[in-house]
Amino acid sequence: MAARTDFTPLTREALTPLLRSTAFGRTLHILPVTGSTNSEAMALAQRGAAEGTVVLAEEQTAGKGRLGRRWHSPAGENLYCSIIMRHQTGVNDISTWLSWVPLQSALAVARAVRQVTALEPQLKWPNDVMIGSRKLGGLLCESGPVGPAGTCVVVGIGLNVNSPPDSFPVDIRETATSLAAETGRQIDRANLLVTILSEMERCAEALRSQSPDTLMESYGGQCSTLGRRVRVLLAADESLEGLAESIGRDGSLRILPAGPSDRIVEVRSGDVVHLR
Ligand code: BTN
């Protein structure tokens with residue numbers, strides 16, 4: 001376990017020379033503290049900010065997770081960033097593009113983590129980045145209204161980088177992890193961030209040029225939910241148990257329910273629990 005926390009600040013001077021992406025991260029807003037980088041990025045998107053614009057914060061006071069949860073966002077230890085994506089003409093129409101942005105973005109983050117640390121993260125559907133059964137990071141994608149600059153999605157990425165494992169709040173201590181906890185060393189956040197931005201730029205290109213079948217194949221290859229028995233929490237008092245059989249052409253999770261039925265149920269959103 002890492003004994004020390006890396007507080008080397010993320011600055012424009014440190015990040016810009018490291019960037020390998022053409023557009024992603026070239027417009028960079030770095031905030032010492034904010035409520036939520038997603039909210040900041042959405043405000044910029046509504047004023048017409050271009051694809052690849054990034055909002056980054058050292059700390060969030062109201063970090064948003066999926067399904068109305070909070071995202072633990074202590075200062076200086078981890079990555080909290082939001083990236084503006086815009087639909088552009090390509091092989092996928094807007095609705096296909098919207099379906100695949102969250103899943104392909106999670107794949108981009110997992111690829112970046114692999115390049116920087118040699119760990120082998122997997123994806124829990126739809127977009128949790130996992131090391132084994134522990135959650136390393138998550139994505140919150142929020143779509144904005146169609147404006148003059150076109151349809152946009154803010155991709156919010158929260159990644160536990162240098163948080164010591166015993167610093168997590170009690171309710172997630174048994175289920176969360178960080179890169180420092182997994183590797184036993186401090187991870188250079190600047191290097192990780194620029195690698196994520198390169199992979200997100202590749203992801204934007206894949207969303208423009210690859211068919212749903214190809215997107216399905218690349219995502220499915222990294223998704224540890226497939227082939228497992230799962231429980232999906234669909235609403236406060238509604239859940240579904242069964243075998244996670246495949247990913248649909250629209251990114252949905254196709255489940256064969258437990259019991260006599262042989263009718264596949266397609267789930268488009270929900271919280272998945274991997275059962276043993
Ligand atoms: C999840 O619940 O798994 C998604 C977590 C997403 C957290 C990130 S941190 C940066 C961005 N800003 C937010 O308020 N949320 C996302």
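Each reported figure results from applying straightforward, stated rules to the coordinates on display, with no laboratory input. Predicted model, so just to flag it, every value in this text is computed and none were measured. When we count neighbours, we look across all protein chains shown, and the Cβ atoms used for this are built from the backbone with ideal geometry, even at glycine.
Data for the structure
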item: Kirkwood Rh and Cα Rg combined as Rg/Rh, the stretch 214-276; result: 0.95
item: Top positive-direction residue, dipole computed over the stretch 1-151 with Cβ charges, set 84, 136, 148; result: 136
item: Under the span-like rule (Cα at least 20 Å along the axis, Kyte-Doolittle mean at least -1.0), DSSP H helices of the chain; result: 94-117, 189-209
item: Cα centre as origin, Lys/Arg/Asp/Glu Cβ charges: the stretch 149-276 dipole, Debye; result: 140
item: Along each principal axis, Cα extent of the stretch 1-133, largest first, Å; result: 48, 35, 33
item: Note, ³J(HN,Hα) from phi for the stretch 246-252, Karplus 6.51, -1.76, 1.60, rounded to Hz, x at Gly and Pro; result: 6, 9, x, 5, 9, x, 6
item: Rounded Å value of the spacing that divides the Cα centres of the stretch 230-276 and the stretch 34-95; result: 28
item: For the stretch 127-276, convex hull volume per residue from C-alpha positions, Å³; result: 162
item: Extension gain (nm, one decimal) between residue 43 and residue 209, 0.36 nm per residue minus Cα-Cα; result: 56.9 nm
item: Radius of gyration and maximum dimension Dmax of the chain, Cα, Å; result: 18.1, 61
item: The chain, dipole about Cα centre (Lys/Arg Cβ +1, Asp/Glu Cβ -1), debye to the nearest 20; result: 140
item: Simple Cβ-charge dipole of the stretch 7-99, Lys/Arg +1 and Asp/Glu -1, about Cα centre, in debye nearest 20; result: 180
item: Zone residues, the stretch 131-153, relative to residue 239, backbone N less than 15 Å from point 7 Å out along Cα-to-Cβ; result: none
item: Theoretical gain in end-to-end length, residue 18 to residue 262 [0.36 nm per residue, Cα-Cα removed]; result: 82.6 nm
